[in-house]
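Trainee: Sending over a structure as structure tokens; questions will come in a sec.
The values are calculated or read from the model by the stated rules, or taken from the named source; none is laboratory data. Please read all numbers here as calculations on a predicted model, not as lab measurements. A quick note on method: Cβ atoms are made from the backbone with ideal geometry, for glycine too, and the neighbour counts reach across all protein chains shown. These accessible areas exclude ligands, DNA and RNA; they are computed on the full protein's heavy atoms, side chains included. Shrake-Rupley method; radii C 1.70, N 1.55, O 1.52, S 1.80 Å.
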Amino acid sequence: MSRSLFADATLAIRLETADAQSNVAYVCAKQQVYPASNSAWTPIGDGCAVFTGLHSPINRVHGLGMTRIVTGDEVAAAAEFFHSRGRLPAIDLCPLAHPSLVELLRTHGYTIASFKQVLVLALDHDRALPAPNPAVTVDRVEPVDLNTEMQ
């Protein structure tokens with residue numbers, strides 16, 4: 001039987017931190033595999049700004065305002081990070097972020113472009129995992145197999 005999860009600040013911090021860390025890991029991998037992509041990331045307050053190419057859907061600030069007050073300098077640094085790469089700044093806004101972030105975004109002229117839903121499931125440790133699907137295989141990709149055209 002699954003147990004219910006309450007979306008409190010503790011859970012939101014865990015989810016936002018995991019999202020930020022996975023995006024930074026993606027940037028680091030892309031920097032190694034495709035150096036010409038100019039992928040980059042930088043810490044912004046308690047979050048990070050990520051850039052992985054002009055049309056990447058993850059180009060945004062992740063995790064900002066989850067553990068502390070956000071300053072105007074941090075919002076300005078995020079804007080500069082993206083402007084210097086030819087992109088408009090974008091910031092993921094968690095509803096449980098510090099209220100200072102909402103106020104700063106309002107005063108800096110930001111608008112809401114979309115909402116993102118994050119679904120979670122509590123894992124019951126006493127429930128056995130399903131058997132792997134035999135039709136699914138996983139192969140190691142060697143550097144010679146990489147398509148260098150993909151950037």
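Trainee: Rolling a 1.4 angstrom probe over the protein heavy atoms, how many square angstrom per residue are accessible across segment 18-76?
Mentor: Working: 2760 Å² over 59 residues.
Dividing the accessible area of segment 18-76 by its residue count gives 47 Å².
Trainee: Computing the accessible area with a 1.4 Å probe over protein heavy atoms, can you report the carbon and sulfur percentage for segment 71-151?
Mentor: Accessible surface attributable to carbon and sulfur in segment 71-151 totals 59 percent.
Trainee: Take the alpha carbon gyration tensor of the chain, find the square roots of its eigenvalues, order them as a ≥ b ≥ c, and report rounded if a/c is under 1.5; if not, report prolate when a/b exceeds b/c, else oblate.
Mentor: oblate
Trainee: With each label point set 7 Å from Cα along the Cα-Cβ vector, what nm distance links R85 and L54?
Mentor: Computed distance between label sites R85 and L54 equals 1.4 nm.
Trainee: Under a plain spin-label model, where a point goes 7 Å from the Cα along Cα-to-Cβ, how far apart in nm are Q31 and D139?
Mentor: Once both label points are built, they end up 3.1 nm from each other.
Trainee: Quick check: pseudo-label points 7 Å beyond the Cα along Cα→Cβ at R14 and S114, how many nm apart are they?
Mentor: Placing both labels 7 Å along Cα→Cβ, they lie 2.7 nm apart.
Trainee: Can you give the calculated 222 nm mean residue ellipticity of the chain, where each DSSP H run of n ≥ 4 adds -39,500 (n - 2.57) and the sum is split over every residue, rounded to the nearest 500 deg cm²/dmol?
Mentor: -10000 deg cm²/dmol
Trainee: Could you size up the charge dipole of the chain around its Cα centre, putting +1 on the beta carbon of Lys and Arg and -1 on that of Asp and Glu, and report it in debye to the nearest 20?
Mentor: 200 debye
Trainee: To continue, here is another question. Express the relative contact order of the chain as a whole percentage, based on alpha carbon pairs under 8 Å and six or more residues apart in sequence.
Mentor: Over the chain, the number comes to 21 percent.
Trainee: In a Gaussian network model over the chain where Cα atoms closer than 10 Å are linked, find which of T107, T42, T71 has the largest mean-square fluctuation.
Mentor: Result: T107 has the largest fluctuation of those listed.
Trainee: Same structure, new question: Taking springs between alpha-carbon atoms closer than 10 angstrom, which of I44, I13, I112 fluctuates most in the Gaussian network model of the chain?
Mentor: I112
Trainee: How many percent of the accessible area of segment 1-48 is carbon or sulfur, using a 1.4 Å probe?
Mentor: On the way: 1750 of 3040 Å².
Carbon and sulfur together cover 57 percent of it.
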